[in-house]
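Okay, so here's the structure we're looking at.
Where a number appears in this text, it was derived from the coordinates with a stated rule and is not lab data. Treat the numbers as computed from the prediction; the structure is a model and nothing was measured. FYI the Cβ positions are ideal-geometry reconstructions off the backbone, even for glycines, and counts take in every protein chain you see.
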Amino acid sequence: MMVTDYNCEYLGLSRLCLMESAGKSLAEEVGKIAVYTFAKPIKVVIFTGSGGNGGDGFVAARYLLNRGYDVDIYMLKDNIRSEDAKTNLEILKNMKPRLSRLNIFNLKTLDDINNCEVVSDETSDFIIVDCLLGTGIDGNLQTNIKRAIEVINESNGLKISVDVPSGMNPLTGVVDDLAVIPDYTISFHKIKTGVRNADEEAVGGIITADIGIPFEAEYFVNYGDFLRLKNRDSDSHKGNNGRLLIVGGSANYSGAPAIAGMAAIGAGADLVHVAAPEKAAEAIKATSPDLIVNSLEGDELSLEHGEEIIRLSENVDAILIGPGAGISDSTSKLFNLLVAKIKKPIVLDADALKQVELSLIRNREDIILTPHIFEFKSFFKVKNDLKLDIDSYDFKKVDENITEIQFITNQIKGTVIVKGKYDLILSENNFKINKSGNSGMTVGGTGDALSGIVVSLSAQGLNAFDAASLAVFINGLAGDRAFDEKGNGFSATDLVSFVGNVIKDGLC
């Protein structure tokens, strides 16, 4: 949900607007439940934490007050992290002199929690709205949060959780410590995976509330997708943050694996190994001392290199096959052997796409293909004049184009990046669209940079679909930076130089 929220901002829909919509929807659903359950006016008690979930509660309070409800807000945190939540709390504080039936209590200590009205109220004629944690749980519960959850569960009031019952893992539905046991769970936009997986007794009745998030916020890759990157452990050491192997290069082509390798380092991989034929290996070594280059005998990659490459693959997290490799019977046999034998995430690019048999990767979810439309048609043996043409306001045209391509990619379980003006990333029934990048990226080598970023993110633990989606966005942003500096006269090396800064800015 956080990814989608952030991506809404880049469509022009602010998170503050989303919070307003969420709070209003929450109030409407609480009102419906109240009318259905009670035959008289009742009080609504909202427990809030420090995040956006609490902000939804602050907004809901305003709408519930306007509907004539008494509202008590129990704040367990006064150091609100969410700026949007702070804004909505400030609105409530500015409502002075108080003309509406609103009370705000700061429950700073366990005594404050133990002495709140909910503890002593033996009636059941009130509603408790759980806005404590939502999707923000991380590790064990703090003592005051845990006690508040106990108070909520022990009370006689009707209980409603927002998005996810506080204390429940939003992705798995697992409760490691303690969670609110609600009568209803109101999920915004879509039911969270954990809520769907959990037993009914743990979530109550499930209600989905529309808050105006457009489909495009889910299907366009944007800055919110940087949230998928894992935080780097401050105690990690060399190799903990991604080790990868690039298999490519030939007598005439050494630049492609070098560009891919440098892009992989820029995207955060710790160790980048390159396995290349002798002549290419010497050139790659001269390109950068940061690459660990393994020289293979001969002028081209061949089947006789299979055993050594498989051995190298045992010490890495992901493999890129194809950049600059050239096409020959022996290279083809090698690539098909590697795909059959290596059971780690594999990215197939460039010449690998022309030589690997589809049947060997059909059932592998950890394979990523990076073709442009002509390579795509060749790999999947498409005979018609299929084009990638989704730069349009015409829904029918866009839908038909994506559906046709998706029908083809469903032959495999892996992920396919179809490169174009707008890139299309597909994995079975999932797809994303990337709009970053510019026409200057027709220069040679930008596709090699992309494949390097993809394998780097795969080596750092992202699944195939997320790695592919974020990689095309990063590659396009780096190209945009290069264009801003040099216009259409930038090189793939120029693009690669911006990859690290693009990711740094995206994580801010």
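Details
- Cα gyration tensor shape of the stretch 123-234, rounded if a/c is under 1.5, else prolate or oblate by comparing a/b with b/c: oblate
- GluC sites (Glu not before Pro) restricted to the stretch 72-154 and DSSP loop, no more than 14 other C-beta within 10 Å: E122
- Residues M75, M441, sorted so that the one with the fewest Cβ neighbours within 10 Å comes first: M75, M441
- Excluding exposed DSSP-loop chymotrypsin sites (Phe, Trp or Tyr not before Pro) (at most 16 other C-beta within 10 Å), longest clean stretch of the chain: 39-392
- Among N384, N430, T172 the positive-end extreme of the charge dipole of the chain (Cβ point charges): N384
- In this Cβ point-charge picture (+1 for Lys and Arg, -1 for Asp and Glu), the stretch 2-219 has a dipole of about 660 debye about its Cα centre.
- Low-density loop cleavage sites - GluC sites (Glu not before Pro) in the stretch 1-72, where at most 10 other Cβ are within 10 Å (DSSP): none
- Rounded to the nearest Hz, the phi-derived 3J(HN,Hα) couplings of the stretch 389-400 under the Karplus curve 6.51 cos²θ - 1.76 cosθ + 1.60 (θ = phi - 60°) are 9, 10, 7, 7, 8, 7, 4, 4, 5, 5, 4, 5, where x marks glycine and proline.
- Calculated [θ] (222 nm, deg cm²/dmol) that DSSP helices of n ≥ 4 give over the chain, each run adding -39,500 (n - 2.57): -12500 deg cm²/dmol
- Taking amide hydrogens as placed 1.01 Å from N in the peptide plane, the amide H of I246 sits under 5 Å from those of H273, V274, A275, L320, each at least 5 positions away in sequence or on another chain.
- For I104, the residues 5 or more places off, or on other chains, whose built amide H falls under 5 Å of its own are I73.
- For the stretch 10-23, Karplus couplings with θ = phi - 60° (6.51, -1.76, 1.60), whole Hz, Gly/Pro x: 7, 9, x, 9, 5, 5, 5, 5, 5, 5, 4, 5, 5, x
- Given R0 = 56 Å, the distance between the Cβ atoms of V35 and D399 translates into a calculated FRET efficiency of 0.90.
- Listed residues V356, I310, P323: farthest to the positive end of the dipole of the stretch 301-429 (Cβ charges): V356
- Once the Cα-Cα distance is subtracted from the 0.36 nm per residue extended length, the Y10 to V119 segment shows a gain of 34.8 nm.
- Cα centre as origin, Lys/Arg/Asp/Glu Cβ charges: the chain dipole, Debye: 580 debye
- In summary, the convex hull built on the alpha carbon positions of the stretch 2-219 has an orientation-averaged projected area of 11.5 nm².
- Couplings for the stretch 170-184, taken from phi via the Karplus curve 6.51 cos²θ - 1.76 cosθ + 1.60 with θ = phi - 60°, read x, 9, 10, x, 7, 10, 7, 10, 8, 9, 4, 10, x, 7, 9 Hz in order; Gly and Pro are left as x.
- Each label was represented as a point 7 Å from its Cα along the Cα-to-Cβ direction; for S439 and R101 these points are 6.5 nm apart.
- Inter-site label distance for R81 and K383 at 7 Å from Cα along Cβ, in nm: 5.7 nm
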